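Shown next, in C-alpha cells, is the structure this report addresses.
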C-alpha cells in the first residue's frame, strides 16, 4: 500500500505542529486573516496571527521536517494590482513571505503566477482549486506557467477519467485534490462566493458582506439529502481509488476549524478509515461550528445558524462502502438528471431530524427573503409578503377531509404553513385542469410537490395508506 501524503490547513494553533508531524503530512498551509491578495475564507472567522507569530510558526514547522505553504489565492484584487502604489506594497508583502522561509505559495490568478515565477523563483507555485482547473488543457496551461502542483476544481473529484488523463498529461506537476470539500455539486453560488470571500480577506477592500451563498447552500442541502451525497467530498476509504490513477497526495481544508477537528480529519485520511459521521471530518455541513454566527459582523447568520444543530445531519460513512465505484464510468455532468444513484445512497446513509431540518430551512429562507426583498437594507417600500387571497375555488368535501388529516400529521408549529402552501398548490393544480373544484388528484400532486426531499418517503407512505396510487 502506498503511503498517503497530505497537505493540511492550519488555524495557527501551536499544538498542531508537533501532532501533525506524527502523520504523513508533507506541508502545512495558511495565511494571515487579512493580506493584500486575500484568500478563500473571510478574515473575520479566522484566528489572528501577527507577522512575528507566523515567522515563528514557520520555524517550528521546519524544525519538524515539514514545509509551509502560504495562501494568496483570492480570485480578484479589484484591478488594484495594476495601481503602482498598491503593486509596490504587494511585492513587498511577497518579499516578506519569501524572507520568513515560506516554501510554496497557493495562487489563483495568472497575474500572480507569472509575477512570482519571474521575481521570486525560489517560491514553488501551487494552483488553487479556486482557479477552476477542470480539464487537461487548463492544467497544462498552468504547468507551462510554472506550477508544481494543481488542486483541481472539486467538481471533478469523482471524474476519474479526467483526473487520470490530467495527471498523465502533466510532466512536472502533481494533481492534489481536496478531500474535505462539502460544496454543492456544480454549485451556482461558487464563483460569486469565492469573489466575496477574497474581498472579505483583503487589507485594501471593504470587508463588509453578507454570506448569501452559505445561507442558500445550506437551505438546499438540508431540504434534500440527495444533494448532500452529490457533494464532491472523498471518503478516507476511497483514497486507494485515486492512488490507482496516479494521485498520491491530498489536501485537507479546515482553517476555520479547531485543532481537534483538523487532527480528527488527518487521522481518518491517514488511516484510510472513519467509522462515524462524515460531517465530523468534512467541511460544508456544519456552518455553526465554532459559533460562526456569533462572529458574523452583520448578525445575518445568528437566527438561522442557531437552529442548525436541531437538524442533526448524519452521513453514516459505514453505509457508503462501494459508493465510489459507480463514478468510474458515469458522466455526472451530462447524466445527473437521468440518474437516481445518489438519491438511493442518500436514503441509505443520510438522516435528518424531520422537524429540526424543516425549522432550520424555514429560518434560512426567511433570512434570504429579508435580503432579496431589500428589508435587510432598510428599504421599507419593498414589496411586503402578500396574504393569501381567496380563490373562489371549491373543495370536494372528501378531499378536504383527507387534506386536513394529512396536514395534522405534521408538527403543530408547521401546520399553518403546510395548510397554506400545499392548499395553494392544490388549487393551482385544479386551475390548471380548468376546474373550479379541488379534487383528490390535485391534492395528491400538491403534497408531493410541496413536501421537502427528506420527508418525501413518509408522505408517499401516508398517501398510499389512504388508497392513492403514487
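Throughout, read-outs are computed from the coordinates displayed, never taken from laboratory work. This structure is a prediction, so every number in the text was calculated from the model and none was measured. Using ideal geometry, Cβ is built from the backbone for each residue, glycine included, and neighbour counts are taken over all protein chains shown.
Let me know the Kirkwood hydrodynamic radius for region 394-465, please, with Cα pairs as the basis and the value in Å to one decimal.
Kirkwood hydrodynamic radius for region 394-465: 12.2 Å.
Report the percentage of all Cα-Cα pairs in the chain whose separation exceeds 35 Å, rounded to a whole percent.
Working: 42373 of 110215 pairs.
Looking at the chain, the distances longer than 35 Å represent 38 percent of pairs.
Where the eigenvalues come from the Cα gyration tensor of region 56-98, what are the semi-axes √(5λ) of the equivalent ellipsoid, largest first, in whole Å?
28, 12, 5
Arrange 201, 424 by Cβ neighbour counts within 10 Å, fewest through most, would you? If you can, show how the numbers build up before the last one.
Details: 201 27, 424 15.
Least to most surrounded, the residues fall as 424, 201.
Rg to Rh for region 206-269: what is it, with Cα atoms only and Rh by Kirkwood?
When Rh is taken as the Kirkwood radius, the ratio is 1.06.
Could you tell me the calculated FRET efficiency between residue 267 and residue 87, based on Cβ-Cβ distance and R0 = 56 angstrom, to the nearest 0.05?
The computed FRET efficiency comes out at 0.85.
Using mean Cβ contacts within 10 Å as the protection proxy, how do 265-272, 314-321 order, highest first?
265-272, 314-321
Would you mind classifying region 1-67 by shape? Square roots of the alpha carbon gyration tensor eigenvalues, ordered a ≥ b ≥ c; an a/c under 1.5 is rounded, otherwise it is prolate if a/b is larger than b/c and oblate if not.
The shape class here is prolate.
Which log10 I(q)/I(0) values, to two decimals, does region 7-109 give at q = 0.14, 0.15, 0.21 Å⁻¹ under the Debye formula with one point per Cα?
Each listed q maps to, in turn, -0.54, -0.61, -1.13.
Compute the separation of the alpha-carbon centres of region 126-155 and region 215-276 and state it in Å as a whole number.
20 Å
How would you order 45-56, 239-250 from highest to lowest mean count of nearby Cβ atoms within 10 Å?
Put in order of decreasing packing, that is 239-250, 45-56.
Tell me what the chain gives for mean residue ellipticity at 222 nm when only DSSP H runs of n ≥ 4 count, each as -39,500 (n - 2.57), the sum divided by the residue total, rounded to 500 deg cm²/dmol.
My calculation for the chain gives -12500 deg cm²/dmol from helical runs alone.
By count of other Cβ within 10 Å, fewest leading, how are 237, 338, 308 ordered?
338, 237, 308
Within 10 Å, count the other beta carbons around each residue, average over each peptide in 431-441, 124-134, 13-23, 209-219, and list them highest first.
Ranking the peptides 431-441, 124-134, 13-23, 209-219 by packing returns 124-134, 209-219, 13-23, 431-441.
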